[in-house]
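Presented below is the structure to which this report refers.
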Amino acid sequence: MKILIVDDEQTNIALIKAALSDLEYDLVVAHDGEEGIALAKKEMPDIIILDVMMPKYDGFKVCGMLKADKRFSQIPVVILSSRAGDDDVQIAKEVGADIYMMKPFDQGELNRNVKKLLNQ
């Protein structure tokens, strides 16, 4: 199993990795939206964890682009964002995100959400 983490902040990447440390999955990391799309196409991850505010393409655009492509439309996407507006939650739903979580996030909750999405 493979998890793609797309986030431009090293601290966030470290926290996500720590939250998923008990899972026996390969973790692949991209540092901006453009790299995230390229790695998703190359690696075909089982799940994608996306930041929203990133260089090149934001997480909403990345999610929408991948979900619009039938090769990737079934890959679950968790969006992690420091943006708390109702509009952001609605946009996440519109672009096909499976789960929207706020930063700072609870590591146990992220772990449970990833397990739940992978076991569907």
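The values are calculated or read from the model by the stated rules, or taken from the named source; none is laboratory data. It should be emphasised that the depicted structure is a prediction, and the values quoted were computed from it without experimental measurement. Backbone-built Cβ (ideal geometry, glycine too); neighbour counts: all protein chains shown. Areas reflect the complete protein model, heavy atoms only, side chains present, ligands, DNA and RNA absent. Shrake-Rupley method; radii C 1.70, N 1.55, O 1.52, S 1.80 Å.
Taking the Cβ-Cβ separation of E34 and Q10 as r and a Förster radius of 25 Å, what is the calculated FRET efficiency to the nearest 0.05? Working from the Cβ atoms, E equals 0.85. Here's the picture: a label point sits 7 Å out from the Cα of M44 along the beta-carbon direction, and within region 1-24 the residues with their amide nitrogen under 16 Å of it are 1-4. Region 63-117 and region 45-59 have Cα centres lying 9 Å from one another. Applying a threshold of 19 Å to the alpha-carbon distances of K70/K116; K67/K93; K41/K67 flags K70/K116 as lying beyond it.
Measuring nothing but protein heavy atoms, the accessible surface of the chain at 1.4 Å probe radius is 47 percent carbon and sulfur. Principal axis analysis of the Cα atoms in region 73-116 yields extents of 27, 26, 9 Å, listed in decreasing size. When the helices of the chain are scored as -39500 (n - 2.57) per DSSP H run of n ≥ 4 and the total is divided over every residue, the value at 222 nm lands at -13000 deg cm²/dmol. Hydrophobic, long helices, defined as DSSP H runs whose alpha-carbon span along the helix axis is 18 Å or greater and whose mean Kyte-Doolittle value is at least 0.0, do not occur in the chain. Scattering from the chain was approximated by placing one identical point on each alpha carbon and applying the Debye formula without solvent; log10 I(q)/I(0) at 0.11, 0.21 1/Å stands at -0.29, -1.23.
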